[in-house]
Every structure is written in structure tokens, then in C-alpha cells.
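The values are calculated or read from the model by the stated rules, or taken from the named source; none is laboratory data. For clarity, every value in this text was computed on a predicted model and none was experimentally measured. Here Cβ is always computed from backbone atoms with ideal geometry, including for glycine, and neighbour counts include all displayed protein chains.
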Amino acid sequence: MPRVRFVQQDGSEKSLEVGREVSVMLAAVRNGVPGIDGECGGCLDCATCHVYVDEEQTSSLPQPSEEELELLSAVSGERRPNSRLSCQLKVLAPLDELVVHVPARQS
């Protein structure tokens, strides 16, 4: 089963097994990962699930939709080229593990 590794600002990490059809946000919320709020439940409406995808993995993921890009313009944490909304991310082959860094704040 694929995994998601959540890296916090202090360097601590939590690695979770995640089904290929489960979003990174949903896995985080279900497993109490701090810093991933997901207030809208994954409806692409709030941007409280902002993460930074490991820079070496960004090209392995689909490009963000226009809706996601619009919401990313309103994130509370610093927006970076590798910023994504975790509600829009799933671990896709050939990745066995997706590494995401949790920003300092969501709101």
C-alpha cells in the first residue's frame, strides 16, 4: 500500500499507509496529523489543507486545476512553487511514498 510522509516544521514526521483512492487531506484528518485542518471536508472550498510537496516529486503528480490554483492564491502560509492542496492529492503510481511538508499555519 502507498504511504504519505507528513513532515512538520520542527522536523518531526508521521508516515501513514494510504489507499490510492484516498486523498492526502483525508488521510491526515482521519489520523490526527497536526496542521492539516481540511475544514471544507475536501470540497475545494477553503485551502486549510495546504502542503508543500517534496520538490523531487512534484513532476510525478498531475498539475493543479484552475480552481486549486485560485485557492492557493489565498493560503495563509507562504505560497511556494510546490504548494498544493492536499484534498486534491492522491499517491499515484509510480510513487510508493509521497512526502509533504506541513506549513507553519493554515488560517
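Overview of values
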| read-out | value |
| --- | --- |
| Selection within segment 25-46 - surrounded by fewer than 19 Cβ atoms within 10 Å (Cβ to Cβ), part of a loop (DSSP other than H, G, I, E, B) and at negative phi | N31, P34, D37, E39, C40, C43, D45 |
| Test for L85: is it surrounded by 19 or more Cβ atoms within 10 Å (Cβ to Cβ) and either aromatic (F, W, Y) or touching an Asp or Glu at 6+ places or on another chain (Cβ under 6 Å) (or both) | yes |
| Conditions (1) at pLDDT 95 or above; (2) of a type outside the set (S, T, N, Q); (3) under 18 Å from L98 (Cβ atoms): number failed by G42 | (1) |
| Residues satisfying the stated conditions in segment 1-24, i.e. loosely packed, with under 12 Cβ neighbours inside 10 Å and among the basic types (K, R) | R20 |
| Residues located in segment 61-93, provided they are in contact with a helix residue (DSSP H, G or I) (Cβ under 9 Å, 6 or more places away or on another chain) and either part of a strand (DSSP E or B) or among the hydroxyl-bearing types (S, T, Y) (or both) | S65, S83, R84, L85, S86 |
| So R79, is it free of Cβ contacts under 8 Å to residues at least 60 places away in the same chain and either surrounded by fewer than 12 Cβ atoms within 10 Å (Cβ to Cβ) or over 12 Å from the mean Cα position of the chain (by Cα) (or both) | yes |
| Test: residue in segment 70-79 that is touching a Cys at 6+ places or on another chain (Cβ under 8 Å) and not aromatic (F, W, Y) | yes |
| Subset of segment 1-24 (residues that are hydroxyl-bearing (S, T, Y) and not in a loop (DSSP other than H, G, I, E, B)) | S15 |
| Among (1) of a type outside the set (D, E); (2) under 13 Å from V4 (Cβ atoms); (3) exposed (fewer than 12 other Cβ atoms within 10 Å of the Cβ), the one test that P94 misses | (2) |
| Tabulated pairs, segment 14-28, first under 15 Å from C43 (Cβ atoms), second among the small types (G, A, S) and in a loop (DSSP other than H, G, I, E, B), C-beta under 9 angstrom, 6+ apart or interchain | S23/G38; S23/G42; M25/G38; M25/G41; M25/G42; L26/G38; L26/G41; L26/G42 |
